[in-house]
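Throughout, read-outs are computed from the coordinates displayed, never taken from laboratory work. This structure is a prediction, so every number in the text was calculated from the model and none was measured. Here Cβ is always computed from backbone atoms with ideal geometry, including for glycine, and neighbour counts include all displayed protein chains.
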Amino acid sequence: MSVTGSVAGDPPVTPTPEAVESGGWRRHALAAGFLAPAAIFLGVWIVYPTLTTIWRSFFDESGDEFVGLQNYQTLFTSDVILTAIKNNAIWVLVVPALVTSVGLVFAVLTERIPWSVAFKTAVFMPMAISAFAAGITWRIVYLQEPDRGALNAGIAVVKDSFSSGGVLADARPSSDALEGTSQGTIRLAEPVGRGDIALLGLTAIGSSEVPDDAEQAVRPEALQGGIRGVVWRDFKPGGGTAGEVEPDELGLPGVTVKLRTSGGGAVGSTMTATDGTFSFDEVESGEYSVAIGSESFSQSFGGVTWLGEKLVTPAILISYLWIWAGFAMVVIAAGLAAIPRDVLEAARTDGGTEWQVFRRVTVPLLAPVLTVVFITMLINVLKVFDIVIAIAPGSVQDDATVLALQMWRTAFGGSNDFGVGSAIAVFIFLLVVPILALNIRRFRREL
Amino acid sequence: MTRRIRGRAAALTLIGALALIAAGCGGDDGGSSGDGGDVSGTLAVTAIWSGAEQEAFQAVIDGFTEANSGVTVNYTSGGDQLPTQLSTAVEGGNPPDIAFLGQPGLVRDFVEKDALQPLDFAREDVETNLGDSAVQLGSVDDTLYGFLFKAANKSLVWYNVAAFEDAGVEPPGTWDDFLAAADTIGASGIPAFSIGGADGWTLTDLFENIYLRTAGPEKYDQLAAHEIPWTDQSVKDALTEMAKVVGNGDNIAGGTTGALQTDFPTSVSNVFSESPKAAQVIEGDFVPGAVESGLEPETDYNVFDFPAINDSAPSVVGGGDTVVMFKDSPAAQAFIRYLTTVEAAEIWAERGGFGSLNQDLDTGTYPDAIQQTAAGALSEAEVFRFDLSDLQPAAFGGTVGQGLFKLFQDFVQNPDDVDGITQQMEDAAAKAFG
């Protein structure tokens, strides 16, 4: 104790004649004093967490047991993390290039349109919203129900204006006597001949969907030389007996019924009456198939599943582009403004077409700016997180996940596996390092 | 901001209450035991209830202090942060006398910390008034530490009255009738089911209800504790039954892909709106909170009990607030015993928003027919079990997009592969239970 006490008690620098050495020490102290705040800040917030994360990535879930590289092995064996890596690769390949080129196109075009400020403001506006809020907005846009999701609502409007609505919205065969779906045709499973009665019972038709002029369904009398039948809503409260025309069951008027030979040749087509009956009066003997034509069904549009496992990543990419296109445009437009006009004019005077001027003069001169945008986007994309968690519903988070999201889900989202979570963090860090190195080299060159 | 201030205010009140207890304890020996009852003292009680619930609980407290005028009960609302507050108070050695815990796992946690007093003195009261299930739920290693005072029912089916009338079906009582009714509803032109599959917990709730009925309460407990694997035949049987609901895409609003895109609020508004997209939704007694305004209970929407499967006994999957005692005293014992009585339950039941396992409680006490069904099932239930997924480690049973939530979503997508999905569930469970 006394030894350490005496050492600590010693003055740090004993009085000495060498003034030069003392001045050197003072200079160092001054430098250290100025560096200290930044150094402490970097140490506490950057260096220490980085080292701890790397250290932690070699331990198991509980943090007690050293597991070596096992967490890194999990990185490349776990299906979900592999999906995250794959998705991140898609993001890296698509987004920086897409954002840069869209930004370039916008920047060049806005130079030539009136009201360019208004246009630029509109495109830049999404930058003002937090990515999470933008994600929520886009999630609503992408909802599947055409009544709820704006995108599907738009598609539904376009679709409806092209397809002629049939009398029936949706229907299913009521029994095994019929086959097919309302997506195509519904036909009798067994062929019929002269004198037979064709019973075409349909269910899953809402009572409000039955045409207003419908009357009680009637089972027609058989006709000697023809084929008669009825198309009706084979349902009454409680269900009723499938395949039987019963009281309280309504005929379906205005339905197209088609008669074909067993070979498929069309014989005739008719409409059902208000009680659902139809009749082909004179037919030759032989076997026929009876079917309800697809024109009787108006195809209801159920909406595209934008946020299903297949389309969710492209859907998120598009909303990300929506956010960042404005940033790219503004930066590139600034670069564009700095290009000397005389070079462009010289090129035009020399007979270059607009495309040639753009390809061979504008783009090369813009290259430094484009690189900045591209690299910024590259780094942004590697750490993308908020917009994915905001847009992807829980059921597809495994399919839409990216590395940063997977790191959070693993370390904090319930599993609380800090080992593997740290390993993912280190992996992301390693991916960013080359880009950082590139950036630093560029900075040095510019200085 | 307001929440934080409120939290601080609550914490301050808690400290104040604790100071009062300290003062009250000193006076105990004086024994001035008022005109009614023979106990005296001051009790600090805390739960999450605030607002209308706090008023209702205050009425319950008043019922007690009227009979025991020597006791002062100070209630403090802990809000959402109650578990944290209690853990801190226990750590600091200053817990309230009595608390109500919403998380089943928390009772065990506190027992393991030696923070709770056993309720042996109330065991008989709990058994006779609230039933065996209540004793079992409140016991840790066969010692009673608490009982469910306010219970929630997750075994309900909510339906659109017009859609049922249109299809000519009655609320079914058995699983077979339920499935037959679903077919009839589908034939009437509206999908029978709305399923909020984008939130995995709606799917685990459905499974738990089926499993409790097909496999029985013993297996349910074993599965909850992972004493039997998820590959057990009983799980496969329950999934086969579940597939009869979730596997029939034609009879689900939006089909199975649509169901996985539908969150819980949407699944409710699918059923309860001007132009409904489905006839019924299977979820707990909190559904009315998500029903659009303008729809009237009973005339527009109504509820029935989750149907019995193979003559299963009346069963309820649910949750609620378990009362526990941190500090033993005659006054605390008297209050705990009071909470098991039908009188205490009636006071809150009349005011609504309450469910009780109390078997003597007349269901007519609840303010409307919907609550009579929802809460009545609780007192009539022969079997009551906590939500199974709530009893699992969080990574397995309670995390969005992972564990059981995700696996049940996979099951909805591919309901034929029962063997495959149970194997995946078992793998995930084994990992989570370690």
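With contacts taken as Cα pairs under 8 Å at a separation of at least 6 residues, chain B carries a relative contact order of 22 percent. For helix B:369-380, what angle does its Cα long axis make with the longest principal axis of chain B, in degrees from 0 to 90 and rounded to 10? That works out to roughly 70 degrees. Computed from label points 7 Å out along Cα-Cβ, the spacing between A:A32 and B:D427 is 5.6 nm. Relative to one another, the C-alpha centroids of the stretch B:355-376 and the stretch B:152-223 are positioned 21 Å apart. Relative contact order for chain A: 22 percent, from Cα pairs under 8 Å spaced at least 6 residues apart, divided by residue count.
Couplings for the stretch B:45-57, taken from phi via the Karplus curve 6.51 cos²θ - 1.76 cosθ + 1.60 with θ = phi - 60°, read 10, 9, 7, 7, 4, 9, x, 4, 5, 5, 4, 5, 5 Hz in order; Gly and Pro are left as x. Against chain B, whose longest principal axis is taken from its Cα atoms, helix B:403-413 shows a tilt of about 20°.
Put simply, the amide H of B:Y301, placed in the peptide plane, has neighbours under 5 Å in B:V161, B:E296, leaving out anything fewer than 5 places away on its chain. Largest first, the extents of the alpha carbon coordinates of chain A on the three principal axes equal 134, 77, 36 Å. When the Cα positions of A:W115, A:T181, A:I140 are compared along the charge dipole of the stretch A:99-189, A:W115 comes out farthest toward the positive end, with charges on each C-beta of Lys, Arg, Asp and Glu. Annotation for the stretch B:72-147 versus the stretch A:121-144: alpha-carbon center distance of 46 Å. Sequence-ordered 3J(HN,Hα) estimates for the stretch A:279-288 from the Karplus curve with 6.51, -1.76 and 1.60 and θ = phi - 60° stand at 8, 10, 6, 10, 10, 6, 5, x, 9, 10 Hz, glycine and proline given as x. Between A:T121 and A:V158, the contour length at 0.36 nm per residue exceeds the alpha carbon distance by 10.4 nm. Springs join every pair of Cα atoms under 10 Å in this Gaussian network model of chain B, and among B:G196, B:G397, B:G93 the largest mean-square fluctuation is at B:G93. Note on chain A: GNM, Cα springs under 10 Å; of A:T110, A:T121, A:T353, the largest mean-square fluctuation is that of A:T353.
With contacts taken as Cα pairs under 8 Å and at least 6 residues apart, the stretch A:214-331 reaches a relative contact order of 25 percent.
Close amide H pairs (under 5 Å, H built 1.01 Å from N) link B:L156 with B:E283, B:F306, residues at least 5 positions away or on another chain.
Over 25 Å between Cα atoms, which of A:K310/B:K431; B:K236/B:K406; B:K219/B:K244; A:K258/B:K244 qualify?
Result: A:K310/B:K431; A:K258/B:K244 exceed 25 Å.
In terms of the Cα gyration tensor, with a ≥ b ≥ c the square roots of its eigenvalues, is the protein assembly as shown rounded because a/c is under 1.5, prolate because a/b exceeds b/c, or oblate? Cα axes put the protein assembly as shown in the oblate bin. Each Lys or Arg adds one and each Asp or Glu takes one away; over the other residues whose Cβ falls under 12 Å from the Cβ of B:I421, this sums to -4. Fully extending the segment from A:F374 to A:Q224, taken as 0.36 nm per residue of separation minus the present Cα-Cα distance, adds 46.0 nm.
The GNM of chain B, with springs linking C-alpha atoms under 10 angstrom apart, assigns the highest mean-square fluctuation among B:I195, B:I48, B:I210 to B:I48. Taking 0.36 nm per residue of sequence separation and removing the Cα-Cα distance, the B:N414/B:S87 pair yields an extension gain of 113.5 nm. Bridging of B:K113 to aspartates and glutamates at a Cα separation below 13 Å is possible for B:E91, once same-chain residues fewer than 8 apart are set aside.
Computed from Cα atoms, the angle from the helix A:418-446 axis to the main principal axis of chain A rounds to 60 degrees. Basic side chains Lys and Arg get +1 at the Cβ, acidic Asp and Glu get -1 at the Cβ, and with that the dipole of the stretch A:174-234 about its Cα centre reaches some 220 debye.
Can you give the net charge of the other residues whose Cβ lies under 11 Å from the Cβ of B:T231, counting K and R as +1 and D and E as -1? Value of the local net charge: -3. Here the convex hull built on the C-alpha positions of the stretch B:285-414 has a volume of 178 cubic angstrom per residue. Across the stretch A:87-96, computed HN-Hα scalar couplings (Karplus, 6.51 cos²θ - 1.76 cosθ + 1.60, θ = phi - 60°) run 4, 4, 4, 4, 4, 5, 6, 8, 5, x Hz from first to last residue, x flagging Gly and Pro. For A:D417, neighbours were defined as the other residues whose beta-carbon sits under 14 Å from its Cβ, and their charges (Lys and Arg +1, Asp and Glu -1) total -1.
Would you mind checking which residues have amide H under 5 Å from B:K150's amide H? H placed 1.01 Å from N; only 5 or more apart, or other chain. Close amide H contacts, sequence-distant or interchain: B:D321.
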